[in-house]
Amino acid sequence: MYLPWTPGLYEKFQARYGYDMRDHLPELLYEVDAKAYPKAEQTRHDYWTLLAEISSRAFSKTIADWCAAHHVQSTGHCVAEEINTSEGGQRFRLIANGEIHQHLKYHQIPGMDLLTDNSPYHLDRTAAWYGLLPGTNRVFNITAKQCCSTARYAGAKRAMAEAMGVQRPNTGLDRQKVTYDWLAGCGISMLNDNTLLYSMINYQKIGASNKNWGQPWMKHYSIFAEYVRTMSKFAAEPLQAKTCVYMPENTIRACTPAAHDSIVTPDGVVAEPLLATLDALLREHVDYELLFEDILREATIDNGALLAPYSRFTTIIVPRSIFLPQDLADKLAKFAKSGGNLVFVGARPQRGARRMPDFSQCPLLNEGARDFAAKLTQNVDRDYKLVGKSARDVFAAYRGNTLLLSNQGSTKATFRLETSIPGAISAVTPGDDKAQWKFDTTKVVLEPDQSVLLTFGKRVFGGKSLSYNLPKATTELTAKQWEYELEKPNNARPCFEIGLAPNGESLDEVKCWIPCGRDGRHGLDFSQEEC
């Protein structure tokens, strides 16, 4: 059990808020009776707000300022970037970071981390870095958006993702390609292809060691690199987002005691309303950004629109922000009164403001309702719409004057594209600038992993790509048993299924070499029973 602390904290807290935090330590650590401790939520909110400011300025801003003074660029990512539905997930993120946006906004290149083969459409179950609870894949919307939205407001030229590392050694470039479709659409314009090693020194047969030169596809890596070049250029264009989702950081701070055995205030658990909201916007193909406390505070209102840096939003969605300070509540009320589309999910604000505005005229949606996604998006401004049941697994993002369509599913997607964007539409295969053709919106067909970039008003040249029209060849293996031996000391090429240990095939050797971890799984993804 611990609380983040720094020299001078008590004095800074007293100067900022006018009371001594040492008189309120129980509220910071544990859930308490609201009648006995009426200022508990306000105290937590004050504490974590100050801590986030101090830590981000002392650490991230110091590094970024030094880099700027020495003509280099600072990047990196935080830990515990997600808010998952597991017990303690909300607390872990808060204690580890304070607020991630506060750190990222100072860096010249805001960054994020994405371990193994994960996206909102796919959860890697071979290495459960993020858990295996139903709906866990939705957390990656937060991971990417809090980085890319921060970059947008900060005016950053690039946004970086450390991604695709610590994967199984037989993961192919096709999975990396489809993942970067999503990342680029979110705004990631710099890919740090994690564990793309340049040396065989200290080589070991673990997931982080041999994904490149140990793979037969490494000689084709330049094709993937060219694709990343095209998509990074696309990602650097501004997302045409007219919708934003307010991050309920105020509620997280106010309702989350720090002790690991404490309980988050029940109506302050934000995970499900937030994750359901982001997933609904993703599946309904609504371009959006996350809206942060400092951005809302500094934004202005103009005739039904929220004007933020490089942004103009006509819809603000607020998932379960039970606790909201007075100035932020007043700003949202002013937005709604001016004609903006203000939607609450899970609950309306109830505490935090001395005089909470009346939000009863603004829609309040239940994230568990069957028609939640339809109601959430029925009044949003949008430039395009994908019509068809199989479009659910198609990722779409409209950046600059280009629309990305990427089939993230495992089956063919057939749908219709409706758009109000003017100009003739032409398509290009990412990474192959010569493969362009006039695009038919009435019947769009995308094979699994296939993506296209649509430009509006651009002259068409070249022919349609044949990349996804090649027949699949199959080979039938007739023998039921196979005998094989390794050409020692070649430990790079074989997959784990063949080469289990550096010097043999015995599972007993594997157990001694890398023991099972706390999660009951082996470093090579074998369970205790299998070992």
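Quick look at the values:
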{"item": "Residue that is touching a helix residue (DSSP H, G or I) at 6+ places or on another chain (Cβ under 8 Å) and not polar (S, T, N, Q), where the choices are 181, 124, 174", "result": "181"}
{"item": "Leading residue by the ranking (surrounded by the most Cβ atoms within 10 Å (Cβ to Cβ)) among those in region 119-136 that are in contact with a strand residue (DSSP E or B) (Cβ under 9 Å, 6 or more places away or on another chain), closer than 20 Å to residue 282 by Cβ and at pLDDT below 95", "result": "130"}
{"item": "Complete set of residues in region 342-384 that are in a strand (DSSP E or B) and within 21 Å of residue 328 (Cβ to Cβ)", "result": "342, 343, 344, 345, 351, 364, 365"}
{"item": "Hits in region 232-263 - residues which are in a helix (DSSP H, G or I) and of a type in the set (D, E, K, R)", "result": "233, 249, 253"}
{"item": "Complete set of residues in region 413-444 that are surrounded by fewer than 13 Cβ atoms within 10 Å (Cβ to Cβ), more than 24 Å from residue 226 (Cβ to Cβ) and basic (Lys, Arg)", "result": "443"}
{"item": "Unmet criterion (only one of (1) surrounded by fewer than 24 Cβ atoms within 10 Å (Cβ to Cβ); (2) assigned to a loop (DSSP other than H, G, I, E, B); (3) hydrophobic (A, V, I, L, M, F, W, C); (4) at pLDDT 80 or above) for residue 206", "result": "(4)"}
{"item": "Region 29-43, residues that are in a helix (DSSP H, G or I) and touching a helix residue (DSSP H, G or I) at 6+ places or on another chain (Cβ under 6 Å)", "result": "40, 41, 43"}
{"item": "Positions within region 332-349 being within 16 Å of residue 249 (Cβ to Cβ) and touching a helix residue (DSSP H, G or I) at 6+ places or on another chain (Cβ under 6 Å), in sequence order", "result": "345, 346, 349"}
{"item": "Pick from region 401-449, criterion among the polar types (S, T, N, Q) and under 20 Å from residue 186 (Cβ atoms), ranking: farthest from the chain's Cα centre (by Cα)", "result": "401"}
{"item": "Some residue of region 385-400 being over 27 Å from the mean Cα position of the chain (by Cα) and outside any strand (DSSP E or B)", "result": "no"}
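The values are calculated or read from the model by the stated rules, or taken from the named source; none is laboratory data. Keep in mind the model is a prediction, meaning the values are calculated, not measured. Every residue, glycine as well, gets a Cβ built from its backbone with ideal geometry; the counts of neighbours run over all protein chains shown.
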